[in-house]
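The values are calculated or read from the model by the stated rules, or taken from the named source; none is laboratory data. Quick caveat: nothing in here was measured; it's all calculated off a predicted structure. Note that we place each Cβ from the backbone using ideal geometry, even for glycine, and neighbour counts take in every protein chain shown.
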Protein chains: 2
Amino acid sequence: MHNGLKAFLEFKAYRMRYWSVVAPSEAGSGHTTSCLSAADIMSVLFFYAMHYDPKHYNNPDNDRFILSKGHASALLYAAWREVGMLSDSDMLTYRQMGSTLEGHPTLRFPYAEAATGALGIGLSIGAGEALCARTDRRTFRTYVLMGDGETSEGAVWEAVQLAAHYHLDNLIAIIDVNRLGQSDPTMLEDHVQRYVEIFNAFNWRALLVDGHDIEQLMKVFDKAREITQKPIVIIAKTFKGRGINMVEDKEGYHGKAIPKDKLDEALKQLKNNFPHAAAYNRTYDWKPKLPERPPTAITVQRSFTKMADPFYQRDSLVATRKAYGQALAVLGTVCDAVVSLDAEVKNSTYAEIFEEKHSNRFFQCFIAEQNMVGMGVGFDRRNRMPFISTFGAFLTRAHDQIRMAAIGQSRLNLVGSHAGVSIGQDGPSQMALEDIGMMRGIPQSVVLYPSDAVSTYKLVEAMARYEDGITYLRTTRSATPIIYNNNEDFIIGGCKVLQETDHDHVCIIAAGITLFEALKAYKLLKKEKINAAIIDLYSIKPLDESTIKRVVKKANNKVITVEDHYLQGGLGEAVMYALRNTGVTIACLAVHKLPRSGKPEELRAFEEIDTPAIVKKAKEII
Amino acid sequence: MHNGLKAFLEFKAYRMRYWSVVAPSEAGSGHTTSCLSAADIMSVLFFYAMHYDPKHYNNPDNDRFILSKGHASALLYAAWREVGMLSDSDMLTYRQMGSTLEGHPTLRFPYAEAATGALGIGLSIGAGEALCARTDRRTFRTYVLMGDGETSEGAVWEAVQLAAHYHLDNLIAIIDVNRLGQSDPTMLEDHVQRYVEIFNAFNWRALLVDGHDIEQLMKVFDKAREITQKPIVIIAKTFKGRGINMVEDKEGYHGKAIPKDKLDEALKQLKNNFPHAAAYNRTYDWKPKLPERPPTAITVQRSFTKMADPFYQRDSLVATRKAYGQALAVLGTVCDAVVSLDAEVKNSTYAEIFEEKHSNRFFQCFIAEQNMVGMGVGFDRRNRMPFISTFGAFLTRAHDQIRMAAIGQSRLNLVGSHAGVSIGQDGPSQMALEDIGMMRGIPQSVVLYPSDAVSTYKLVEAMARYEDGITYLRTTRSATPIIYNNNEDFIIGGCKVLQETDHDHVCIIAAGITLFEALKAYKLLKKEKINAAIIDLYSIKPLDESTIKRVVKKANNKVITVEDHYLQGGLGEAVMYALRNTGVTIACLAVHKLPRSGKPEELRAFEEIDTPAIVKKAKEII
């Protein structure tokens, strides 16, 4: 029986190799050699190690599999083909327009756990799922298959540290040590013991295995499920291109499909190398190890009842970052799905207010923004609603992870505090000045920049209700006056017209901290008989094009935008795009000089985004 | 004598503590406790360990010091105050507008080796300097002082791996293990042995020391200079806030200055804790250990003679990424300063062509983009001219490092290959679609996107001559026809008008791959008696506003931009800004749907950035 299983697993590995050769060859591109090194691992994973119901992918107790080495996509599809969820003809659509079997896995493929292809991001997502499993009291394991080349990515070691810190013994990484990268051998080549030493030093439990020995693989995966208190890594010594002599263990074949005119020869070599598997003609009654639901498992809902209005006092001073923390704590009360991830700045972002109320759903991610975002992707995949906060400037550290999260159709809520030069003395390294541009450039993203606590509070709820992608909330360090009533509504894609007459000379559009500069400018201009319409553009993407157009038209088609952000990709360019082809005269005030340390008001003056600059510009353009 | 030195070093540590308390207290903000833990380390570094000429900071043989824990800026300034290069009144300008003593070090401070403050980036810069020292056959050491909290950043472990790979025994990291982060204790707290194990596993040599014991510190720094073949890390066990009882080893005091009304008490506690140092009244004839120039040291010049024109054949097909490699190889021949860093994709970016000619100046940085950019900063600081290449999409991984490089006034040349959906089958994870926006948002950056090999070749030379910041070159995967003569000139801030008449109906502005779609559209439109002016906007930032305005005006003020990039922050928004207030009618064709795998032409059609889409839009707007 065990022999029968072993032969069956060898057969399945053979079949996966077959598809790893044929599908890319048919497509004319793909990473065949990177698939071949991991085929035995994948066979044992999918047909022996994992407890899952292949027919119900969304069973919340299924073990999870993340292909961090996303270029081996053909192998992932081959596994699901062999499990029976894809047809042969599906396999031949690989990399074709319209196929869900894309060059690197995306969430368009229904059995992909994560969009991968940017290297080094899978372990973070897996760590998020593993931590979510514990939070939800579920016993599923998360398996992450990584390449050896990608261990040079720092994001991997962020995940390694955090997984050890949280003792994630339900996280099982496998490193396919095939020695060869794209253009060169990896740094550690086949010194597998070095990987063992490094992971053990990080308080993981490392297990070494011959990645082409089915029996050894079965044993090591059994052992992996027994280990407690530590995350597990299986260091699998393999050969790139294993099974096809013309490419096996040779440099120069990364990312190359077998040319069609060599396909027959390649498949012949495959047969010769695995004669028993190639000749396999038995029937083996394979049944998946179906998961059991632990009796204590909890299921949370993303839907929630409306949050009560806040109790802010008009004109009192509250920092929007603080209002974020307060709103999140309330949201956490009405919505069990909410979790908060913070990068060791919770007393700056005010995520600590959430932690105080919901400590079991607050996760300290330490100073490791890439992993924090990746973990958020994992939580989202398991139906939690992550709010992820740090300084806005430091979200740039996770730009690639955010980009990939969008490709993975993740619902993430990102919150960046300490926006703009208005943070003052800490200086440029701490100032978010490109975050609006970065986040506008994320597909289907929402970019919000409220000015006061009421609007912040309301927008946190709106973020939680947004279903189509990633939201971003930009918050301000200093306390700003409450300008809205507690029952005011704020919606994604909305704006507020704070001042308007039928005889406006100019429309000033601002958001966040510069709104207060605009309001002061309004008063000064009024004294000089200049009427300014004022728009609070708290939703920068999407933006309320029709209201802006209406007010601007009435304001003699003169517009000034003012933002505490670089010009490029910012509020000004967004407004300019919305107002294209309307014949307006527009001036964009934005940060244009490399900032420095100083008092917030000194810096706004230095960058010409303060009240006097607005007044001056208004007089110029009207 | 040795006793005299020890007392002197204790006195200097005491003085540095004094300034670490007083300067932030005066400024009303700053990270006093993070300075206090490292004061003894800094005293021994600046007055004992380092070989340098304080009066000639730019001596190329000086040992280098990088404060990776940039929030301890007051300590850096204190060290230079005690060395004698700053006055007491300088110290009291800390964090004031106009002062070079900023909240986190920037290059405005003449004795800062790097702009820091985003954590985890210093070690990469140090590794770059250490590798540069070896390349230049110089014997100086690079010291990098890190916080323990920042070791959670993945970028640190990218640098750790690479430094070990290159056996950088001239790189000496010090970790100030003060146990406390901003809001929480660090993951490893004071388990210093764990740091030792981890670094040793990565093939570093870790040395453990009591970070407050001057004699131990002297010994360990002596030992660090004797170690060969491995990078060295000194794990210094310290206490945050050391010396001031009211804050020492206590949570809640990160990033806080001593309030002015507690300053006297704090200084009294300092005196009481270091009575000998406080009462120090001897004179010690300290002399810096001046560096010696090794007889084999080489000095390279950034200036270079004009590159010869290339030999491309009109209409032949050459990928711009390949032309980049070819141009860089030629540049390397005329300019010794050039070095090439690549993230294990040299056969995709074609950095391998440079490597073939100049293998001693090519550095494989493996799949670790953050560290690669950081190393580039280090090379630049030591007067080399780095060209840094990977897929454009993966430069997003290093966004924070690029941002910080700009704050550090670095001259970096970044090259991103595989732009846009036009890479085809590999799918969205590999497509650079936000890189133009990201790079436009970097202060003083240049963004170039040539369409053919000639323009690419010429622009590589222009990048090398750009002195004011970071340049970015976007290259295309597929081969495109040569459309320019080999003697054509291309300048930063220029463009080429490829078609224009006196009776144009519309002006189409494109760059890179879409230029060829525009040229095809030109022909189709011409058949229908529609004249289109065509502009090759190869320089997107800065852009040639006057030429664009001139041609657009003549083209009936109708403009179409077309780009293989998301709308946000891209070429279209840049052109729209340039054409603001001119009354043009503009349409921006850009990638607007989440892309997928497919053939390049299928994807350009899907995103409506191909010839038919341009033709259709032209007919609509004229």
Residue in segment B:89-112 that is modelled with pLDDT of 95 or more and either closer than 21 Å to B:Asp285 by Cβ or of a type in the set (Lys, Arg) (or both) present: yes
Residue list for segment B:298-341, restricted to those being of a type in the set (S, T, N, Q), out of contact with any strand residue (DSSP E or B) (no Cβ under 7 Å at 6 or more places or on another chain) and buried (at least 19 other Cβ atoms within 10 Å of the Cβ): B:Gln326
Criterion: β-branched (Val, Ile, Thr) and more than 29 Å from B:Ile423 (Cβ to Cβ) - qualifying residue of B:Ile513, B:Ile530, B:Ile509: B:Ile530
Residue in segment A:431-446 that is farthest from A:Asp564 (Cα to Cα), counting only those that are surrounded by 24 or more Cβ atoms within 10 Å (Cβ to Cβ) and facing chain B (nearest Cβ under 7 Å): A:Gly441
Entirely in segment B:363-455, the strands (runs of 3 or more DSSP E) that have 3 or more residues that are modelled with pLDDT under 95 and touching a Leu at 6+ places or on another chain (Cβ under 8 Å): none
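For the condition part of a helix (DSSP H, G or I) and either surrounded by 24 or more Cβ atoms within 10 Å (Cβ to Cβ) or at pLDDT below 95 (or both), what is the one hit in B:Ala173, B:Ala155?
Details: B:Ala173 fails: part of a helix (DSSP H, G or I).
From the options B:Ala173, B:Ala155, the qualifying one is B:Ala155.
Tell me which residues, restricted to segment B:287-324, are in contact (Cβ under 8 Å) with a residue 60 or more places away in the chain and of a type in the set (Lys, Arg).
Quick first cut of segment B:287-324, residues in contact (Cβ under 8 Å) with a residue 60 or more places away in the chain only: B:288-294, B:296-300, B:302, B:304, B:306-307, B:309-324.
Hits for segment B:287-324 are B:Lys289, B:Arg293, B:Arg302, B:Lys306, B:Arg314, B:Arg321, B:Lys322.
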The listed residue being at pLDDT 95 or above, over 21 Å from A:Gly424 (Cα atoms), buried (at least 23 other Cβ atoms within 10 Å of the Cβ) and touching a Lys or Arg at 6+ places or on another chain (Cβ under 9 Å), out of A:Val552, A:Val559, A:Val575: A:Val552
Search result, residues across segment B:207-239 that are more than 14 Å from every other protein chain (Cβ to nearest Cβ), in a strand (DSSP E or B) and surrounded by 18 or more Cβ atoms within 10 Å (Cβ to Cβ): B:Leu207, B:Val209, B:Ile232, B:Ile234, B:Ala236, B:Lys237
Scan of segment B:176-206 for residues that are surrounded by fewer than 24 Cβ atoms within 10 Å (Cβ to Cβ) and of a type in the set (Phe, Trp, Tyr), ordered by number: B:Tyr195, B:Phe202, B:Trp204
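Where in segment A:1-109 are there helices (runs of 4 or more DSSP H), lying fully within it, with 3 or more residues that are under 20 Å from A:Ala277 (Cα atoms) and touching a helix residue (DSSP H, G or I) at 6+ places or on another chain (Cβ under 7 Å)? Full working, then the answer.
On the way: elements: A:2-27, A:32-36, A:39-44, A:73-83, A:88-91.
Per the criteria, A:2-27, A:32-36, A:39-44, A:73-83.
Counting only residues that are under 25 Å from A:Gly28 (Cβ atoms) and either facing chain A (nearest Cβ under 9 Å) or in contact (Cβ under 8 Å) with a residue 24 or more places away in the chain (or both), how many does segment B:568-604 have? Can you show your working first?
Applying the first criterion (under 25 Å from A:Gly28 (Cβ atoms)) to segment B:568-604 yields B:591, B:593-604.
Then drop every residue that is not either facing chain A (nearest Cβ under 9 Å) or in contact (Cβ under 8 Å) with a residue 24 or more places away in the chain (or both), which leaves B:591, B:593-600, B:602-604.
Matching residues across segment B:568-604 total 12.
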Evaluation of B:His565 against (1) in contact (Cβ under 8 Å) with a residue 60 or more places away in the chain; (2) under 23 Å from B:Glu500 (Cα atoms); (3) within 10 Å of chain A (Cβ to nearest Cβ); (4) part of a strand (DSSP E or B) (one fails), failing number: (2)
Qualifying positions in segment A:495-549 - surrounded by fewer than 18 Cβ atoms within 10 Å (Cβ to Cβ), without any contact (Cβ under 8 Å) to a residue 40 or more places away in the chain and among the polar types (S, T, N, Q): A:Thr501, A:Ser546
Residue within segment B:406-419 that is of a type outside the set (A, V, I, L, M), at the interface with chain A (Cβ under 8 Å from one of its Cβ atoms) and buried (at least 24 other Cβ atoms within 10 Å of the Cβ) present: no
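Would you mind stating whether A:Val421 is touching a residue at least 24 places away in the same chain (Cβ under 8 Å), of a type in the set (A, V, I, L, M), touching a strand residue (DSSP E or B) at 6+ places or on another chain (Cβ under 9 Å) and under 22 Å from B:Thr396 (Cα atoms)?
Answer is no for this residue.
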